[in-house]
1. Report, ordered by chain and residue number, the lysines lying within cross-link reach of residue 311, taken as a straight Cα distance under 27 Å and ignoring same-chain residues fewer than 8 apart.
2. Springs between alpha-carbon atoms under 10 Å, Gaussian network over the chain: tell me which of 266, 306, 161 tops the mean-square fluctuations.
3. First check a/c for the range 215-320, with a ≥ b ≥ c the square roots of the eigenvalues of its C-alpha gyration tensor; if it is under 1.5, answer rounded, and if not, answer prolate when a/b is larger than b/c or oblate otherwise.
4. Which log10 I(q)/I(0) values, to two decimals, does the range 111-247 give at q = 0.15, 0.18, 0.22 Å⁻¹ under the Debye formula with one point per Cα?
5. How large is the helix-only mean residue ellipticity at 222 nm for the chain, computed as the sum of -39500 (n - 2.57) over DSSP H runs with n ≥ 4, divided by its residue count, in deg cm²/dmol to the nearest 500?
6. Give me Rg/Rg_expected for the chain, where Rg uses Cα atoms only and Rg_expected = 2.2 N^0.38 Å with N residues.
7. Distance check, please: which entries in 65/187; 213/313; 90/313; 65/112; 65/90 exceed 31 angstrom between their Cα atoms?
8. With just the Cα atoms defining each centre, how far is the range 304-338 from the range 243-259? Give it in Å.
Amino acid sequence: MNQHLTQLRHSMVDSGLDALLISTFENILYISGFSGSAGFLFITDSEQILVTDSRYTEQALIQSKDFTIKRMSAQLDWFTDLVEGLSVRKIGFEADDITVSTHTLLLSEINKLNSDKSFNAEMIATSYIVGNLRQVKSQNEILILEKVCTITDQAMDTVTPNIVAGMTEKEAAWLLEQSMRNLGGEKMSFDVIVAAGSNGALPHHRPDSSIIKSGDSVVIDMGCVYKNYCSDLTRTIVIGESSDRLSKIYNTVLEAQIRAENEARPGMSGADIDDLARSVIVDAGFGEYFGHSLGHGVGLQVHEQPWISAKSKNIIKPGMVFTIEPGIYIPGWGGVRIEDVVVMQETGVRLLNRARKMTI
C-alpha cells in the first residue's frame, strides 16, 4: 500500500493537485486495503485519511493501519473540516465515479468556505489517476490473478464435458457457478453467460430456458473473484458433431487469438494488438461479424484499463494483464468466442488461462 500511495502522490503532483478525494470502491481498496461499501479517501502530500461510517470503523482500523480514520456524517462537514484544516486549495475528485448530487454538495461546501473565509479552493475533475496506476500489476497481484484464473479453468474443464443435449442454458450456468464456488471462487465477477445455438450471436446473452441441442455451438463466458481480483474466461464448445461452417468459424477465431497471443509485444498500443487478431477475421471474410474490441484489462474490476481495441491508445507495458477474446457472431446462426487472460512480459504475453480449447 505504501508503494501505491507514493505513486499516487507523484501523479497528484503531475496533475497539480493539493488533495485527491477518492470515491471509487476499487480505487479505495487499491490505495488503502479497505473493502467496506461506504467510504472516501482524502489524500494530500502528507496525510492519508479514510472516511467511513460507524458500521466500518473497526474494519477500517484493521485493514487500513497507515490511515487516519474519520467518521462520516450525514452532511459533508467532514469534507469541509478536512479542506480547511489541511489548507488545501486544488482538490481533485473522480469525475467518472462521483454522482451529480454529491458533486453539487461538495461544490456547495467549497463555495461556503470561499465566501465565508476567502479560502479560494476549487474542485478539479480528474479521470483515471488511480486507474492508470492499477494497469501495471505487482508480482503479488499477478499471483492472485493466476490463482483466480486457475479456479475458472478447472471449473470450465470439469463442467463442460457434462453439458449435454436436453440441458437448459440456465442449468449449465448454475453448474459452472457452483463449480467455481466449490473451487474457491468467492463470488462471480459477472453473471455466467451460456449461449447455445442462435443465442450465441448475442455476446452478452443471459442464459434462459433455451434447450441445448445436438449440433449446437455453446458460448460460455464466466469468471469469479478471489481475494478481490477477477477472472474472465470464454470457451465455445460443440454438442455432438460440428458442421463444416462451424468448424471454419471456430478455427478462424482460434487462429486470430493465437496470432495476437504470439505476436503481441511491449510497446504496442491496444489498437496494434487488436489489429493482429482482427485482420485474421477480416481476411477470412467475417470482419462485419466481429463487433466488439479484442480485449480489456482485468484486475480488481473485470473490465478496466488497458483497453485492447481498434481505437485504443493505451501503450502496453510489462506487468499489464488483459484479455484476448476475438469472436464472430452471425445473427440467426450463432457465434464463437474464445478468451484468455494474459500478462505482458518483456518478450511477449504469458497465458494465465489453460482451459481446454477444441480441435475441430
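Readers should treat all values here as calculations from the given coordinates under stated rules, not as data from a laboratory. For clarity, every value in this text was computed on a predicted model and none was experimentally measured.
1. 137
2. Judging by the Gaussian network model, the answer is 161.
3. Cα axes put the range 215-320 in the oblate bin.
4. -0.77, -0.97, -1.22
5. Counting only the DSSP helices, I get -11500 deg cm²/dmol.
6. In units of the 2.2 N^0.38 Å rule of thumb, it is 1.13.
7. Too far apart for the 31 Å limit: 213/313; 65/112.
8. 16 Å
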